Amino acid sequence: MVLVFVLLALGVLVAGNWYLWRRLFRDTTRGPGWVRRAGAAVVAGGWALAFGALVAERMGAPFWLQQVLAWPGFLWLALSIYLLLGVVAGEVVRPLLRRFLERRAARRAPAVAAVPNAEPAAADAPHREPAVVAVPHAERAVAAVPNPDSALATCPNPESAAAVPDPEPDITAVPTREPAAAAAPHAEPGPPGAPPEEPRETEPSRLVAAPSRRLFVSRVVAGAAAAGAVAAVGYGTYGVLRGPRVKRVTVPLAKLPRAAHGYRIAVVSDIHLGPVLGRGFAQKVVDTINATQPDLIAVVGDLVDGSVKDLGPAAAPLAQLRARHGSFFVTGNHEYFSGAEQWIEEVRRLGLRPLENARTELAHFDLAGVNDVAGESEGRGPDFARALGDRDTARACVLLAHQPVQIDEAVDHGVDLQLSGHTHGGQLWPGNFVAAAANPTLAGLERHGDTQLYVTRGAGAWGPPTRVGAPSDITVIRLASKQA
């Protein structure tokens, strides 16, 4: 079954990239050449880098190799998504654009001259307009004129000139060379006995082959798709590298005492330090959190994508986190890809307190934390009974749990507020639809029974350092007492 799924996914990937290459490179060129070959190399090479970046990260390849592969590979991953979306959208635009061009050409095209008489024009004709030849394809805009002195060289049967079948509606009017007789309506006679003057040859019109309407439309659509994809990925990458913005949300809790009204919890998730986002990014996150002057800091998982050996220096700024009642940490699924036990010890060394299926009683409410469900593969999964089983249910309880899907057990254990991340808000539109289908809450605050669930979009990004339609955030939760 797994093999069938892998083969199906591989087939879809190959078909999608062939379609992308066709629309961007094959349909925009006249024939085989270096452009098509370069396009194939870009598409194939981009995916090779993307797979290489993913495999290198998961297999623990040398960190320098991960960094070399990550930037081009992950950016291509994001770019290919929006290129594909762009060319698919172009399928709707393509027939509309062709119809528009056809109508405009029909309004502006000059009438094709039908020559009424196959005899040469009289020498005393005062003026004569250039003959016009109908050319079936604009790409073949060079008229074959076997006899330059005859205006009918390309139209032996004037009555059948309009009956030439045309597979495409493109008609290019090509002016032919004027006959020599028409160029001089009144030639002065020479001296008696002088030989007749040779007719002067006129400069033939220079004809340039223009692209067909189909080729023009393909180039316009492909160019628009490429420009849109680059703009979306560029702006989305800038948004991540700039750092997360602060979001403020007020959450009323029925059991919260009046003395705790206005208590502030800075919630940060999905920082994803790794081969792309490093120490400088961690420093931005720390500075942003400290600027909010929170009472408590909650780091709710997916801090890193890599080992302590490789990313210990990148995580070092976390030691600068400052809050009146301290900083707390729970694992996310990516910690279990990166050595969760080592990272738990590292964050403890940096001054954060890990909550491994544990609870601490603060002055006005209980703060609990559970491991991520990915820890079940190591026998270290979430244990709600251990974290919440013996608590005083008359006190308000705030739970830190990386994934929103853990809300059902939180409801069963009488939790007042669960703080989660994991979804990234979808990160790359239209990924939000997939993430929303897989999670009870995509982002923001929602109520599930008597329990409220808040999901942050996260501070960083996984894979492509890019967000489109899901800006990163650090959320300051302001607890409100209904007694106040």
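Here, each number is a calculation from the coordinates, and none is a lab measurement. Predicted model, so just to flag it, every value in this text is computed and none were measured. Note that each Cβ is placed from the backbone with ideal geometry, even for glycine, and that neighbours are counted across all protein chains shown.
Taking amide hydrogens as placed 1.01 Å from N in the peptide plane, the amide H of TYR263 sits under 5 Å from those of LEU479, each at least 5 positions away in sequence or on another chain. With N counted as the residues of segment 300-356, its alpha-carbon radius of gyration over 2.2 N^0.38 Å works out to 1.03. With all pairs of separate Cα atoms included, segment 330-422 yields a Kirkwood hydrodynamic radius of 13.3 Å. Considering only the Cα atoms of segment 385-435, their convex hull presents on average a projected area of 3.8 nm². Listed by chain and number, the lysines whose C-alpha is less than 29 Å from the C-alpha of LYS247, apart from same-chain residues fewer than 8 away, are LYS255, LYS284, LYS482.
Annotation: amide H-H contacts under 5 Å for GLN418 (H modelled 1.01 Å from N, sequence separation of 5 or more, or interchain): LEU399, GLN452, LEU453, TYR454.
Using every pair of separate Cα atoms, the Kirkwood estimate puts the hydrodynamic radius of segment 244-481 at 17.4 angstrom. Close amide H partners of ALA358, meaning residues 5 or more places away or on another chain with modelled amide H under 5 Å apart, are GLY369. Binning the alpha carbon pair distances of segment 3-117 at 10 angstrom intervals from zero yields the distribution 12, 27, 27, 16, 9, 5, 3, 1, 0, expressed in whole percent. Spacing of the modelled spin labels on ARG324 and GLN67, each 7 Å from Cα toward Cβ, amounts to 4.1 nm. From least to most packed, judged by other beta carbons within 10 angstrom and beginning with the fewest, ILE344, ILE477, ILE271 follow the order ILE344, ILE477, ILE271.
Multiplying the residue separation of ALA484 and HIS448 by 0.36 nm and removing their Cα-Cα distance gives an extension gain of 10.6 nm. Site pair ASN290 and ALA41 shows an inter-label distance of 4.8 nm when each label is modelled 7 Å from Cα along Cα→Cβ.
Of the peptides 272-283, 312-323, 405-416, the order by per-residue mean of other Cβ atoms within 10 Å, starting with the highest, comes out as 272-283, 405-416, 312-323. In terms of surrounding Cβ atoms within a 10 Å radius of their Cβ, THR360, THR237, THR466 rank from fewest to most as THR360, THR237, THR466. Across segment 461-467, coupling constants 3J(HN,Hα) worked out from phi with the 6.51/-1.76/1.60 Karplus curve, θ = phi - 60°, read 7, 9, x, x, x, 9, 10 Hz, and Gly and Pro carry x. P(r) for segment 348-484, from all Cα pairs and a bin width of 5 Å, is 2, 10, 18, 21, 20, 15, 9, 4, 1, 0 %, short bins first.
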